[in-house]
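K.L.:
Dumping the structure here so I can ask a few things about it.
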Amino acid sequence: PHAWQSLVHAQRYVENIRAALVAAAPAHAGAIDARAAAYRQRLAALDNSARTAFAAIPPEQRRVVSTHDAFGYLGEAYGITFISPRSWNTDSEASAAGVAAVIRQVRQHQARALFVENITDRRSIERIAQETGAQVGGTLYSDALSAPGAGADTYLRLYEHNVKVIAGALQAAATR
């Protein structure tokens, strides 16, 4: 689940889609190849931008909490530890025991910021913030795009938004 939170995986998806489209419409192979190459360049540029943003934050300060465990691939790519009161699925709300466990982890690991996801209830994150004093750093997009024009309405904008929000909250936490 949530493999699209990896730009490396996205590169692979682009190649798979390119190959399928070329097979289905070989007369358009040149145009398909060109558009796929341009998109891969945009993915690479976004990855470079994310690496630069997170390199400015010491690795030991890259600990955050999100509503559910959707950002493992993003965390792996940029050295961010994500803590979550819920597993990777959103079928039910976090249990009281799950929230309590995250509160202990936030205190133990000194998580720097908390994030609400656009598809989940923010109450558990707000409760964790109240109990730990950690700041809510903003909204992340894990499983759904934003409304058109709202800043995360394409895959690239979603990813860029998440990087900006996470890096910004971690940088702000470092100055407190």
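K.L.:
Take the residues of region 95-125 that are within 14 Å of T67 (Cβ to Cβ) and open to solvent by 70 Å² or more (accessible area, probe 1.4 Å): which is farthest from the chain's Cα centre (by Cα)?
P.N.:
R123
K.L.:
Answer yes or no as to whether S142 is crowded, with 16+ Cβ neighbours inside 10 Å, free of Cβ contacts under 8 Å to residues at least 40 places away in the same chain and assigned to a loop (DSSP other than H, G, I, E, B).
P.N.:
It is false that S142 is crowded, with 16+ Cβ neighbours inside 10 Å, free of Cβ contacts under 8 Å to residues at least 40 places away in the same chain and assigned to a loop (DSSP other than H, G, I, E, B).
K.L.:
Go through region 155-168 and report how many residues are surrounded by 21 or more Cβ atoms within 10 Å (Cβ to Cβ) and over 19 Å from A3 (Cβ atoms).
P.N.:
Total meeting the criteria: 1.
K.L.:
Read through the list (1) at pLDDT below 80; (2) more than 23 Å from Y155 (Cβ to Cβ); (3) crowded, with 18+ Cβ neighbours inside 10 Å, then give the number of the only condition that H68 fails.
P.N.:
The failed condition is (2).
K.L.:
Identify the single condition in (1) polar (S, T, N, Q); (2) open to solvent by 40 Å² or more (accessible area, probe 1.4 Å); (3) under 30 Å from R176 (Cβ atoms) that Q11 does not satisfy, given that it satisfies every other one.
P.N.:
(3)
K.L.:
Moving to a separate point now. Output yes when any residue across region 156-175 is within 24 Å of R51 (Cβ to Cβ) and touching a Pro at 6+ places or on another chain (Cβ under 9 Å), and no when none is.
P.N.:
If we filter region 156-175 for residues that are within 24 Å of R51 (Cβ to Cβ), which is where we start, we get 156-175.
Retained after the next criterion (residues that are touching a Pro at 6+ places or on another chain (Cβ under 9 Å)): 174.
Checked against the condition, which is being within 24 Å of R51 (Cβ to Cβ) and touching a Pro at 6+ places or on another chain (Cβ under 9 Å), region 156-175 yields at least one hit.
The values are calculated or read from the model by the stated rules, or taken from the named source; none is laboratory data. Nothing here was measured: the structure is a model prediction, and the numbers come from that model. Heads up, the Cβs are rebuilt from the backbone with ideal geometry, glycines too, and the neighbour counts pull from every protein chain shown. In case anyone asks, the SASA skips ligands and DNA or RNA and just uses the protein heavy atoms, side chains included. Shrake-Rupley method; radii C 1.70, N 1.55, O 1.52, S 1.80 Å.
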